[in-house]
Each structure stands twice: as structure tokens, then as C-alpha cells.
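Here it is, the structure, as C-alpha cells.
Here, each number is a calculation from the coordinates, and none is a lab measurement. Treat the numbers as computed from the prediction; the structure is a model and nothing was measured. Neighbour counts run over all protein chains shown; Cβ positions are idealised from the backbone, glycine included.
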Amino acid sequence: MEQGKRRDCLKDGGARLPQMQYSQFRKLGEMEKRGKKDGNGRKQDVKRESVTGFCIEWMWDLLFPRRCPVCDGVLRFRKEYICPECLEKIKFIREPACMKCGKGLREEAEYCYDCARKKHLYIQGAALFEYGSAASSIYRFKYGGRQEYAVFFGRSMAVMLGERMRRWRVQALVPVPIHVSRLRKRGYNQAQLLAEVISSYTGIPVRTDIIARQKKTAPQKELDEKQRQNNLKRAFKILRNDVKLSTIVIIDDIYTTGSTIDAMTAMLHAAGVEKVYYAALAIGSGL
Ligand SMILES: [Zn+2]
Ligand SMILES: [Zn+2]
């Protein structure tokens, strides 16, 4: 595609990002060397921004022995985030990707099939994995009590998507809220865990005091598009009248059709937030 043509389709403030390097993926399985400089004298980009975050992760490791999110085997204490062979099994989203939702495309195109036909309210989004390659792992993370996977998942999102969030100039990470009754039953909100780990690497604050889920919605995966929209109407409520943020990124675990992100975006726009982006752990593969 020509450069000029590509720039034209970025009027909404999005930006095509450089292709991720495979060497970045390799780093995800290793412990970070805090503050160590690379061969060019630059500091490595995986150091922690927050000491508190480091302490929380250390405590977390003591309470919940770190497990490989793919095979679920216990890893050596504070040595690894994932088995090296399991890292090979996860498919990361690579270019070409949809310029709106970030879905991986089989061939070079601006938008995926869905985004070419549907207008989204958010500006741009990105996801880390192809859902199919990490589905059972994400299922255990979400429904199987494996909250410790957040360490690998959140860290991976910070390493792979942190730079993008800085370019977006986001002021806060806003996890997709779950209903309080679901939170009580599950014990945690997986999107919030991801946001907290990302925050500890990027220094971008997590805000859970802005938006909440006010009614228990049926699981989106069981519904068609029309039902999804109805399901999401009035699903969220704004918690404060002085939001005072202009740019935020919504953090989610799985991006499916974007209905949830759009519903939240509509509410956030009404509360005065101008620019809304999203970042998710996984997304389906596109056409
Ligand atoms: Zn493994
Ligand atoms: Zn798309």
C-alpha cells in the first residue's frame, strides 16, 4: 500500500505501528534484567516502573507458585514466566493487522472484514495473541481460578503493547468491569489483574473508579450481534461526575466483536473522555 493512502485512513488519530520484532517475543519467557543496558547502551524496555508492582509480584509468587500459562506446569521460583517450548505454541498477532481493531490479517489490507463494514466508537486497538492458540489458557485464567497467569499475560502486554500506549498518550488504564456478583463469585476481575501488571511496568495508573457494570449481562459469546447490542445497552454506568481524563485505554481479556468496548466508549465519551483506545490479551483471527 502506498504511504499517502495509508496516512489518509488515519484521520481518526490511529497510527500504523512498526512490525514487532521476534526478539521481543523471546524476551517474554525470561526474567527481566532490571536496568541492564543492551549492546547499544539503551536501557531494556522490560524494567519495572514501580517498586510496589515488583513487591506485589514477589508476594504473588509466594502465594501462588508461578505456573506456565500454556501447560499449567509449576515453573521454577522467580526464574521463568512460561516454558520456552510453550512460548512457541502461542501465536502472537503480527503484521499485517487491521488498523482499527488490530486483528491479524492473512493478507495486506487496511481493515479486517468486520471493521470495513462497521464503525467503531473507539479510535484504535491492539491485541496480543491469536485467540485460538491461547484459548484453553485464557479459559483457565478467566474461569479456572488461575489468576497467577496475569503475571505472564500482563507483562507480555506491557512489553508488546506498552510503546503503543505511550504513543497514544493514555492517561489511565481502565479495565472492563465485571458485575459485583460475578466478582464475588470469581474472586477477581481478570481484566483488572492484567491492567495492574501492565501498570507496574508502564507507570500508567489503573482507574477502576470511573465506570462499573450495573447489570449482570448474559455471556456475550452465546448471543448474535443484535442481541449483543441489546445486552450491552445500559450495561455500564459512570461512577463519577469529574472524570477529568481526555485519553484512556480500555483493558480487556478477549476482543470479539468490539461491542463491549464500543458500549463503554459511548459512556466514557458522555463523561467527557475524548479519546478511547483498547488493548486486549487475545483476538480472533481475521479475513
Ligand atoms: Zn509450559
Ligand atoms: Zn478490524
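With +1 assigned to the C-beta of every Lys and Arg and -1 to the C-beta of every Asp and Glu, and no other charges, what is the dipole magnitude of segment 197-287 about the Cα centre in debye, to the nearest 20?
The calculation lands at about 360 debye.
Continuing with this model, one more query. Give the Debye-formula value of log10 I(q)/I(0) at each listed q (0.08, 0.09, 0.14, 0.19 Å⁻¹), with one equal scatterer per alpha carbon of segment 92-283, two decimals each.
Here log10 of I(q) over I(0) equals -0.23, -0.29, -0.76, -1.54.
OK, next. Show the residues, 5+ positions off or on another chain, whose built amide H is closer than 5 Å to the amide H of Ala172.
So Ala172 has HN proximity to Val249.
Right, next: Explain nothing, just compute: Karplus ³J(HN,Hα) = 6.51 cos²θ - 1.76 cosθ + 1.60, θ = phi - 60°, for every residue of segment 243-254 in order, whole Hz, x for Gly and Pro.
5, 6, 10, 9, 9, 9, 10, 7, 9, 9, 8, 10
Follow-up question, since we're still on this one. With the crude spin-label approximation of a point 7 Å out along Cα→Cβ, what separation in nm comes out for Tyr113 versus Ser246?
A separation of 3.9 nm, rounded to one decimal place.
With the crude spin-label approximation of a point 7 Å out along Cα→Cβ, what separation in nm comes out for Arg76 versus Ala270?
According to this spin-label approximation, the distance is 5.4 nm.
Where the only charges are on Cβ atoms (+1 Lys, Arg; -1 Asp, Glu), what is the dipole of segment 92-283 about its Cα centre, to the nearest 20 debye?
That gives a dipole near 700 debye.
Check Ala126: other-chain or 5+ apart residues with amide H under 5 Å from its amide H, H built from backbone geometry?
Correct list: Tyr278, Ala279, Ala280.
Right, another one. What is segment 208-287 by shape, rounded, prolate or oblate, if you read a ≥ b ≥ c off the alpha carbon gyration tensor as root eigenvalues and call it rounded for a/c under 1.5, prolate for a/b larger than b/c, and oblate otherwise?
oblate
Mind giving me the FRET efficiency for Gln229 and Val180? R0 is 30 Å, r the Cβ-Cβ distance, nearest 0.05 is fine.
0.85
In whole Hz, what ³J(HN,Hα) sequence does segment 122-132 give by Karplus (6.51, -1.76, 1.60; θ = phi - 60°), x for Gly and Pro?
6, 7, 7, x, 8, 10, 8, 10, 6, 3, x
So, one more: Given the Cα atoms of segment 179-247, and with Rh set as the inverse mean 1/r over their pairs in the Kirkwood sense, what is Rg to Rh to two decimals?
1.02
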